[in-house]
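S.K.: Can you keep this structure in mind? I'll have questions shortly.
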Amino acid sequence: MLSPYRVLDLTTERGLLCGQILGDLGADVVKVEPPGGSAARRLAPFAGGEPHPDRSLTWWAFNRNKRGITLDLDTDDGRALMRRLAARADFLIESDAPGAHAVRGLGYEALAAANPALVYVSISPFGQDGPKAGYADTDLVMMAAGGPLLLAGDEDRPPVRVSVPQAYLHAAAEAAVAALIAHHERQRSGRGQHVDVSVQQAVAFATQSTILAAEAGPLAFTRIAGGARLGPLTGRFVWPARDGHVSITLLFGSSFGKFTRRLMEWVHAEGFCDAATRDKDWIGYFDLLFSGAEPVEEYERVKATLARFTATKTKRELFAAAQARGLLIAPVATTAELVASEQLAARDYWRTVAHPELGRAFLYPGPFARTTAAPIAYRRRPPTVGEHNEEIYVGELGLAPEELAALRARRIV
Amino acid sequence: VTAPAALADVKILDLMWAIAGPGATRMLADYGATVVRVESSQRFDVCRTVGPFVELPPGPESSVLFHNLNAGKLMLTLDLAKPEARDVMLDLVRWADVVTESFTPKTMRAWGLDYEALRAVRPDVIMLSTCLMGQTGPLADYAGFGNLAAAVTGFYEICGWPDRDPAGPFGAYTDYIAPRFNAVMILAALDHRRRTGEGQHIDLAQAEAAMHFLAPAILDQTVNARTQGRIGNRDPHAAPHGVYPAAGADRWVAIAVTDDGEFAALADVLGRPELAADARFATTAARLAHQEALDEIVAAWTRARDAAESERLLQARRVPASVVQSSRELCDDPQLAHRGHVVKLAHPTAGTTPIEGSRFVLSRTPARVADTAPTLGRDNQYVLETILGYDAERIAALAVAGVLA
């Protein structure tokens, strides 16, 4: 869908997904790494367990559909080559510290002077300027700074993160949207612009607007394992199953109440609660709890009843009932169960990607969307270090083979 | 001279509800797209019933979440269960560049508004359908929210402590991921149509898109047959790496030391410079092997002071650290204030409501965030008269038939 466009991807591990999204959609994405390879290639896990720059599964996860070149941007010759590449690019994506590329003469103003149509996307922890723009960051620190961290975890322990780093993914996906908004505008004006994406702001969206609670009113969410606490009420999303856990959206009101009603009908039919419990006003139940008409202890009793019931069923039984009865229940799945998913198999989700350098092929998570036009294809496995140096420097930029050899000898490429 | 809004020429007919869909069209509305949101007062958007609320007890216009997801859109109330509503919808399809919906597949079919029906009146229509599990497969019509997709795709399993049940990320987690993919697809499809004249149907399963945020762990499974479990706040590359107690009740500071230089700086700040030379802590590998001892040393220091003080002292030496910020702190955060992240807008009954601004800055065509979500029915007249050119008689007939409800 984006096949006419060239993308230069200068990102560190803080922005890799952005270029991959554009590459999945057909853009020609060139990943630019320092000689020897990106630091992101040192991130675990590794295929076969042994650290190797071409076997990082974190690298594989976010670099398919890209070609790869190496270039030392801290040398004059490296910068000159980058300026030549940027002159013919439609998008440039970077995630260095704010101002780092400007110091190299590779900031937006410098590159736009030669290529005014360039859409230049900067992803940074806190944004390009401001009191925290120079802060040191990691995934955990950004989840703390942006709000989601305080809301997750057991109440008697520190807040806890998802152990696959999430913060930069939120920002990188956000950056792809921002890049395409600027691209849409470019079709009219012929001009590019500088796009400034903040990880902190992107991550704040994962609080479901609760970061605004303090400005709105007195009620605030606090964390509790497998749920959330709002004022005096403890909402529970993780429930026991005979063989693990399930998630249940046990909520009330005009949208959720009917699901809860159907769930309680099942609980009653199997003899785990009386008719009075089944027949509570599940639409108006929040109001009853907040007004005190329904004691919180009674709500706790209902939850304990439900937990006793779900603990007698397997994850599979509960999920099957959810489909048959219209309930909001899903299994808490491991990656092993995910890979065995019948739904994903029926949709032919998984993609087999050949890694000839290892003599093997592997299953990758499939397209993030299906389309009737120009469907997402996995055209290229993630590049090995410098895999396309010759193709791009000689074949496309017009360097003589001996010039490339000299750059290699000087460790600029 | 300010440039016209980036998406001033984009027209979206938006039937989406909850978070994953409306979050996408909100981003596009910020940059000038005309978004006509269709909602029935007979079937409220679930977000109207979810807080935070600007007034208690909450009414349908009181939800900050709803305003945050629908700011800057137009609103037409339409009861799609009524047969006359379909004609209005098809007229809007002829007007729109993009039609978006986030129901289960059977819903649009039942209304006679599936892709084939839309294409019959608008051959180059772009239709985005986004539901939990996708338009096909045995779970196509499984209705659900982002907590369920987060559970079934594996986020819950790897968020929590190894000795405890899964804690899971907060809320409807995959709903916070999907809006970006939805917005990207709308914009890419517009570019494709501009160049080729071809419209399309986009099938975006919230679960499938969100799985890309777990891709390293999924590849660990498919490549190494290794199933990752819960590891608390540990990290394979950094130590100390955790959330440490601060002075006060439920106060925490996140600290992550990624290399020897940062560790030496941390040791200095702690007043224990000798730790940098201690064989137990001299390298990342050594620190990873002695994390418990390290955590005790760090926690003893953090516990004695305010979280903000720890952040300040550590960041002054470029050690990655942050207060684990609360809503109050985020609303007062000087960096977010600098970025204009929290915007206060006039609210029809509650005075003002806070919403979030755009999460990125476009240097030449910045976002414009000036209006809350429209109240139910606010733009019925504008949409029917100005956009669709209906006369007063036709509009009155629709109202009398209860279609505009």
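No value in this document is a laboratory result; all are computed from the given coordinates. In this text, all values refer to a predicted model and were calculated from it rather than measured experimentally. Quick reminder, even Gly has a Cβ in these numbers, built from the backbone with ideal geometry, and neighbours come from all protein chains shown.
S.K.: Within segment A:333-379, can you find the residues that are closer than 28 Å to A:His52 by Cα, surrounded by 21 or more Cβ atoms within 10 Å (Cβ to Cβ) and either polar (S, T, N, Q) or more than 8 Å from chain B (Cβ to nearest Cβ) (or both)?
M.R.: Once the filter is applied, which keeps residues that are closer than 28 Å to A:His52 by Cα, surrounded by 21 or more Cβ atoms within 10 Å (Cβ to Cβ) and either polar (S, T, N, Q) or more than 8 Å from chain B (Cβ to nearest Cβ) (or both), segment A:333-379 yields only A:Thr335.
S.K.: Can you go through B:Leu118, B:Leu132 and tell me which one is under 30 Å from A:Arg161 (Cβ atoms), buried (at least 24 other Cβ atoms within 10 Å of the Cβ) and more than 7 Å from every other protein chain (Cβ to nearest Cβ)?
M.R.: Working: B:Leu118 fails: under 30 Å from A:Arg161 (Cβ atoms).
None of the other options fit; the residue is B:Leu132.
S.K.: Something else: All but one of (1) within 7 Å of chain A (Cβ to nearest Cβ); (2) free of Cβ contacts under 8 Å to residues at least 24 places away in the same chain; (3) assigned to a helix (DSSP H, G or I); (4) not acidic (Asp, Glu) hold for B:Thr227; which doesn't?
M.R.: The single condition B:Thr227 does not satisfy is (3).
S.K.: Hey, among the residues in segment A:278-327 that are more than 14 Å from every other protein chain (Cβ to nearest Cβ) and part of a loop (DSSP other than H, G, I, E, B), which one's surrounded by the fewest Cβ atoms within 10 Å (Cβ to Cβ)? Walk me through how you get there before you give the answer.
M.R.: Going through segment A:278-327, the residues more than 14 Å from every other protein chain (Cβ to nearest Cβ) turn out to be A:278-281, A:294-306, A:308-309, A:312-314, A:317.
Next, only the ones that are part of a loop (DSSP other than H, G, I, E, B) stay: A:279-281, A:294-295, A:312-314.
On the way: A:Asp279: 13, A:Lys280: 20, A:Asp281: 13, A:Glu294: 18, A:Pro295: 11, A:Thr312: 13, A:Lys313: 21, A:Thr314: 15.
Taking the candidates together, the pick is A:Pro295.
The rows are residues; the columns are (1) in a helix (DSSP H, G or I); (2) more than 7 Å from chain A (Cβ to nearest Cβ); (3) under 28 Å from B:Cys131 (Cβ atoms).
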| position | (1), (2), (3) |
| --- | --- |
| B:Pro179 | yes, yes, yes |
| B:Arg193 | yes, yes, yes |
| B:His201 | no, no, yes |
| B:Thr222 | yes, no, yes |
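S.K.: Still on this structure, I have one more. Only helices (runs of 4 or more DSSP H) wholly contained in segment B:260-362 count here; list those with 2 or more residues that are farther than 30 Å from A:His183 by Cα and at the interface with chain A (Cβ under 9 Å from one of its Cβ atoms).
M.R.: Working: elements: B:260-269, B:284-289, B:291-302, B:307-316, B:327-332, B:334-338.
Here the list reads B:307-316, B:327-332.
S.K.: Being under 31 Å from the mean Cα position of the chain (by Cα) and either closer than 30 Å to A:Asp129 by Cα or assigned to a helix (DSSP H, G or I) (or both) is the filter here; which residues of segment B:374-405 pass it?
M.R.: Initial filter on segment B:374-405 (under 31 Å from the mean Cα position of the chain (by Cα)): B:374-384, B:387, B:404-405.
Within segment B:374-405, B:Asn380, B:Gln381, B:Tyr382, B:Val383, B:Leu384, B:Ile387 meet the criteria.
S.K.: Among the residues of segment B:87-109, which ones are of a type outside the set (A, V, I, L, M) and in a loop (DSSP other than H, G, I, E, B)? Step through it out loud before you land on a result.
M.R.: Of segment B:87-109, the ones of a type outside the set (A, V, I, L, M) are B:87, B:91, B:94-95, B:97, B:100-107, B:109.
Residues satisfying the conditions are B:Asp97, B:Ser102, B:Phe103, B:Thr104.
S.K.: Pull out all pairs, ordered by first then second residue, where Cβ-Cβ is under 7 Å, the residues are six or more apart or on different chains, the first lies in segment A:157-185 and is within 7 Å of chain B (Cβ to nearest Cβ) and touching a residue at least 12 places away in the same chain (Cβ under 8 Å), and the second is of a type in the set (Lys, Arg) and assigned to a helix (DSSP H, G or I).
M.R.: Short answer, once both residue conditions are applied: A:Ala173/B:Arg180; A:Glu174/B:Arg180; A:Ala176/B:Arg180.
S.K.: Select from segment B:24-50 the residues that are among the small types (Gly, Ala, Ser) and buried (at least 24 other Cβ atoms within 10 Å of the Cβ) and write down the one among them that is nearest to A:Glu174 (Cα to Cα). Quick ask: steps written out before the conclusion?
M.R.: Restricting attention to segment B:24-50, the residues satisfying the condition of being among the small types (Gly, Ala, Ser) are B:24, B:29, B:32-33, B:40-41.
Pick out the ones that are also buried (at least 24 other Cβ atoms within 10 Å of the Cβ) and you get B:24, B:29, B:33.
Details: B:Ala24: 10, B:Ala29: 15, B:Ala33: 17 Å.
It comes out as B:Ala24.
S.K.: How do the pairs read when you match residues in segment B:382-395 that are touching a residue at least 12 places away in the same chain (Cβ under 8 Å) with residues anywhere that are hydroxyl-bearing (Ser, Thr, Tyr), using Cβ under 6 Å and keeping only pairs 6 or more apart or on different chains?
M.R.: Here the result reads B:Leu384/B:Tyr390, each pair linking segment B:382-395 to a residue that is hydroxyl-bearing (Ser, Thr, Tyr).
S.K.: Then there is this: Determine, yes or no, whether A:Val394 is closer than 17 Å to A:Gln20 by Cα and either touching a His at 6+ places or on another chain (Cβ under 6 Å) or not polar (S, T, N, Q) (or both).
M.R.: Details: closer than 17 Å to A:Gln20 by Cα: no; either touching a His at 6+ places or on another chain (Cβ under 6 Å) or not polar (S, T, N, Q) (or both): yes.
No: the conditions fail for A:Val394.
S.K.: Out of segment A:186-201, which residues are over 16 Å from B:Val324 (Cα atoms), within 8 Å of chain B (Cβ to nearest Cβ) and crowded, with 22+ Cβ neighbours inside 10 Å?
M.R.: Within segment A:186-201, the first condition is being over 16 Å from B:Val324 (Cα atoms), and the residues that meet it are A:186-198.
Next, only the ones that are within 8 Å of chain B (Cβ to nearest Cβ) stay: A:187-189, A:191, A:193-198.
Listed by number, the residues that qualify are A:Gln193, A:Val195, A:Asp196, A:Val197, A:Ser198.
S.K.: Moving on to the next point. Just the residues that are more than 16 Å from A:Arg351 (Cβ to Cβ) and within 7 Å of chain A (Cβ to nearest Cβ), please, taken from segment B:204-215.
M.R.: Within segment B:204-215, B:Leu204, B:Phe213 meet the criteria.
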